[in-house]
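The structure appears below as structure tokens.
The values are calculated or read from the model by the stated rules, or taken from the named source; none is laboratory data. Please read all numbers here as calculations on a predicted model, not as lab measurements. Here Cβ is always computed from backbone atoms with ideal geometry, including for glycine, and neighbour counts include all displayed protein chains. The accessibility values were calculated without ligands, DNA or RNA, using every heavy atom of the protein model including side chains. Shrake-Rupley method; radii C 1.70, N 1.55, O 1.52, S 1.80 Å.
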Amino acid sequence: MKDIECIGQTRRSFCTQAATLALLGGTAALAFSGCGGGPTSPSDVSSLPSVNAARTGGVTTFAIDVGSPLAAVGSAARVVTSGGNFLVARTGQEAFVALAAICTHETCAITGFSNQTYVCPCHGSTFDLNGRVLGGPAPTALRQYATQFTGGVLTITG
């Protein structure tokens, strides 16, 4: 069967180009699969509840009442602000730990929580409630921020 020319292109060259594009597309998909749902991503981790908060001049404040996901000791939530997000755990009746919500491996947003451990959804790095790395590939701990709890209002500074 003779190749058909279409605007200066033969069927053979078209098929060769299509196969090359398909191969490159598959390679790109594999390369990007590690950034948000690849074979090392945890699949059985619960998402943290979210709390919206106001942030002004490097200070984040929000009320914690009986309906808050942070009402009970041992609870944790992702605090969402216009200036960035935090992971917050209630470690005592009046004590909280606030951490950066960005994994130190490849800057993925940490959204998972399982057995008092924060879990990065991208590559499975795990952190304790103080931000220390429990399991890699994250190379360093999460940044910790100062907290103060007064009159039912939590303040995160930094």
> Can you name every residue in segment 109-123 that is more than 9 Å from LEU48 (Cβ to Cβ) and open to solvent by 20 Å² or more (accessible area, probe 1.4 Å)?
Replying inline: ALA109, SER114, ASN115, GLN116, THR117, PRO121, HIS123
> Restricting the search to segment 73-90, which residues are hydrophobic (A, V, I, L, M, F, W, C), open to solvent by less than 20 Å² (accessible area, probe 1.4 Å) and closer than 14 Å to PHE149 by Cα?
Replying inline: VAL88, ALA89
>> Quick check on segment 29-38. Is at least one of its residues farther than 15 Å from PHE149 by Cβ, open to solvent by 80 Å² or more (accessible area, probe 1.4 Å) and modelled with pLDDT of 85 or more?
In response: no
> Across segment 129-155, what is the total count of residues that are within 18 Å of ALA72 (Cα to Cα) and open to solvent by less than 30 Å² (accessible area, probe 1.4 Å)?
Replying inline: 2
> Scanning for something part of a strand (DSSP E or B), without any contact (Cβ under 8 Å) to a residue 12 or more places away in the chain and closer than 26 Å to GLY57 by Cβ, does segment 133-145 turn up at least one residue?
Replying inline: no
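Results for (1) under 24 Å from GLY57 (Cα atoms); (2) open to solvent by less than 40 Å² (accessible area, probe 1.4 Å); (3) not in a loop (DSSP other than H, G, I, E, B), shown as yes or no for each residue.
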{"position": "ALA71", "(1), (2), (3)": "no, yes, no"}
{"position": "GLY92", "(1), (2), (3)": "no, yes, no"}
{"position": "ALA98", "(1), (2), (3)": "yes, yes, yes"}
{"position": "HIS105", "(1), (2), (3)": "no, no, no"}
> How many of the residues making up segment 123-157 are over 16 Å from the mean Cα position of the chain (by Cα) and of a type in the set (Ser, Thr, Tyr)?
Replying inline: 5
> For GLY124, all conditions in the list (1) touching a Phe, Trp or Tyr at 6+ places or on another chain (Cβ under 9 Å); (2) in a loop (DSSP other than H, G, I, E, B); (3) in contact (Cβ under 8 Å) with a residue 40 or more places away in the chain hold save one; what is the number of the exception?
Replying inline: (1)
